[in-house]
Amino acid sequence: MVTVSVKQLVSAIEEADAFKLPDMNRGTRYLYERIYGRLSEGRDVRLSEVDFGSFEADDIDSIRELYSETLEGNVRRADSLAHILQNIPPHTAVSAFV
Amino acid sequence: MVIDGFDEILNTLYIAKRLYDMGRYEVVEANFFDIVDYDVYYENMYGLIENIFENCYGQYYEKHGMEIHVLSDPVIVDFCVLAGEYGKAHKIPDEQNPYIQEARQEIGRHLNFSYCLDWRFMVHTEPKRPFHSRIGVFIYQDDYVDLGWLAYGLVEIYEWFSDACMRLRDILQKKKADVVKLPGEEVMAA
């Protein structure tokens with residue numbers, strides 16, 4: 001019988017090389033957390049809440065690169081994985097005493 | 001989840017950051033929606049195109065499938081007057097004026113990115129009316145023109161003219177000072 005520990009699965013996904021994030025400087029980290037992080041969770045981002053002193057213009061290029069090379073692919077892989085897990089057929093349990 | 005139009009969202013942030021660094025963030029506050037969203041990208045960019053320079057006249061010609069934006073600003077007008085002064089001092093006609101040529105090259109560097117986009121730089125070294133020197137931008141509707149690129153180009157062009165005015169003022173002032181302090185002559189003015 002196949003059993004899945006959700007905790008172990010999430011941990012394994014987070015530690016998988018394919019999902020690891022590269023090192024980021026302070027400005028790129030700010031954009032990752034405050035812009036990408038919020039938008040990817042479906043939350044609003046407002047310009048009036050952006051601290052334009054916390055990053056450089058070059059950091060925007062870095063997050064753009066990170067998104068196209070890593071983050072976008074990770075999201076698609078995670079969606080695909082979730083789809084596979086959701087579609088695993090239920091295993092019929094048979095009790096020994098019946 | 002995949003973010004719709006993340007590239008365009010980053011373009012918006014990039015332009016806002018450039019204007020913040022230039023000390024012109026008020027243009028963002030006045031023309032960009034506060035919400036960061038792909039859906040408002042084109043409205044943001046149109047707002048910026050029409051307001052990065054102090055004077056703008058826009059018109060859509062349906063018959064020709066073309067938009068015209070005529071843009072001017074004190075930095076453009078002053079630059080042309082200063083370039084004209086330089087030209088007169090060196091007996092150079094406007095067509096051969098190196099500063100006017102440099103300005104045309106700079107505009108081209110930022111606006112020659114689409115065959116559906118054209119521009120004209122109208123130079124008046126002796127302006128007859130306010131905002132006489134100006135840039136005409138023509139957007140043909142035949143194909144897609146990235147308005148973000150256009151808006152960003154105009155921001156860079158604004159900054160170039162602003163810097164060029166300061167540079168030309170310094171050159172002209174230095175020239176005047178050199179004339180006053182010719183070797184072997186008395187200083188005529190302070």
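Every read-out reported here was derived from the displayed coordinates using simple, explicitly stated rules and does not represent laboratory data. All of these numbers come straight from a predicted model, not from anything done at the bench. Cβ placement follows ideal geometry from the backbone for every residue including glycine, while neighbour counts extend to all protein chains displayed.
For this structure, a couple of remarks:
- Label point distance in nm, A:THR70-B:TYR144, each placed 7 Å from Cα along Cα→Cβ: 2.8
- Per-residue average of Cβ from other chains inside 10 Å of A:33-42: 3
- Choice from B:CYS80, B:CYS56, B:CYS116 showing the highest fluctuation, given a GNM over chain B with Cα pairs closer than 10 Å: B:CYS116
- Cα-based Rg / Dmax (Å) for region B:55-178: 15.7, 56
- Lysine pairs with alpha-carbon atoms under 21 Å apart, the protein assembly as shown, spacing 8 or more or separate chains: 9
- Angle between chain B longest axis and helix B:147-180 axis [Cα atoms, degrees, rounded to 10]: 10
- Overall, the ratio between the Cα radius of gyration of region A:21-86 and 2.2 N^0.38 Å, rounded to two decimals, is 1.24.
- Counted over the protein assembly as shown with a bin width of 5 Å, the fraction of Cα pairs per bin, in whole percents, is 1, 5, 9, 11, 12, 11, 10, 9, 7, 6, 5, 4, 3, 2, 2, 1, 1, 1, 0, 0, 0, 0, 0, 0.
- Spacing of the two label points (7 Å from each Cα toward its C-beta) at B:ARG109 and B:LYS91, in nm: 3.2
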